[in-house]
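Q: For reference, the structure I am asking about is given below.
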Amino acid sequence: MPARLPTPSAQFSAFLSRFPPEIVSLAKRCMSRLRHALPGTNQIVYDYAHSVVVSFSMSEHGYEAIVAIAISPEAVRLYVDKSLPDPKGLLEGTGTKVRSVTVNSAADIDRGDVHALIKAAIRHSGVTLPRTGSNTMIIKSKSKNSKPKKTGRV
């Protein structure tokens with residue numbers, strides 16, 4: 001009998017296990033609040049060497065995210081489209097597509113100015129979210145444990 005694959009939730013927890021406990025706890029609390037703010041969305045999970053990114057999208061494509069959260073050993077960051085207005089000057093970075101705000105507490109997600117950014121991201125996406133709905137987690141990539149092979153001449 002073939003071995004059963006772990007659930008997406010179990011895979012996500014395994015990805016987070018390499019981060020400090022306080023970051024894992026913060027990330028999980030933020031995810032819960034984002035699920036509530038974005039009902040019916042897919043959580044597209046990407047596991048990179050130094051971070052885990054979760055895109056909240058109506059499709060199965062992370063690049064169509066309404067918002068995304070990046071979890072690294074140092075911080076949890078909320079990403080939104082760089083074209084969103086930022087009257088409070090919260091957004092950091094100079095990305096060509098997205099900018100972020102560092103989340104220091106899960107309560108930051110519900111804080112007026114950050115909550116306004118999330119609402120603006122929803123409006124900007126053009127989607128109509130259901131009032132209630134379950135979120136589906138989809139694992140899109142897994143990090144490779146091996147280093148890439150060197151090619152070319154030495």
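Q: Counting only residues that are within 23 Å of PRO8 (Cβ to Cβ) and at pLDDT 50 or above, how many does region 126-154 have?
A: Qualifying residue count, region 126-154: 16.
Q: Also: If VAL76 passes every condition in (1) under 15 Å from LEU34 (Cα atoms); (2) out of contact with any helix residue (DSSP H, G or I) (no Cβ under 7 Å at 6 or more places or on another chain) but one, which one does it miss?
A: Every condition holds for VAL76 apart from (2).
Q: Counting only residues that are β-branched (Val, Ile, Thr) and in contact with a strand residue (DSSP E or B) (Cβ under 7 Å, 6 or more places away or on another chain), which one in region 68-99 is nearest to LEU26 (Cα to Cα)?
A: If we take residues in region 68-99 being β-branched (Val, Ile, Thr) and in contact with a strand residue (DSSP E or B) (Cβ under 7 Å, 6 or more places away or on another chain), then VAL76 is nearest to LEU26 (Cα to Cα).
Q: Check off (1) touching a helix residue (DSSP H, G or I) at 6+ places or on another chain (Cβ under 8 Å); (2) assigned to a loop (DSSP other than H, G, I, E, B) for ARG4 and give me the number that stays unchecked.
A: (1)
Q: Here's another thing I want to ask about it. For region 39-67, which positions are over 20 Å from THR128 (Cβ atoms), touching a strand residue (DSSP E or B) at 6+ places or on another chain (Cβ under 7 Å) and not acidic (Asp, Glu)?
A: VAL45, TYR46, SER51, VAL52, VAL53, VAL54, GLY62
Q: Then there is this: When only residues in region 58-78 that are among the small types (Gly, Ala, Ser) and out of contact with any His (no Cβ under 7 Å at 6 or more places or on another chain) count, which is farthest from GLY40 (Cα to Cα)?
A: ALA75
Q: Given the residues PRO85, PRO73, which is the only one that is at pLDDT below 90, surrounded by fewer than 16 Cβ atoms within 10 Å (Cβ to Cβ) and of a type outside the set (Gly, Ala, Ser)?
A: PRO85
Q: List pairs: first residue in region 93-104 and closer than 13 Å to SER83 by Cβ and in contact (Cβ under 8 Å) with a residue 24 or more places away in the chain, second residue in a strand (DSSP E or B) and of a type in the set (A, V, I, L, M, F, W, C) anywhere in the structure, Cβ distance under 7 angstrom, at least six positions apart or on different chains.
A: Pairs found: VAL98/VAL80.
The values are calculated or read from the model by the stated rules, or taken from the named source; none is laboratory data. Every value quoted in this text rests on a predicted model; they were computed, and no experiment measured them. So basically every Cβ, Gly included, is an ideal-geometry build from the backbone, and we count neighbours across all protein chains shown.
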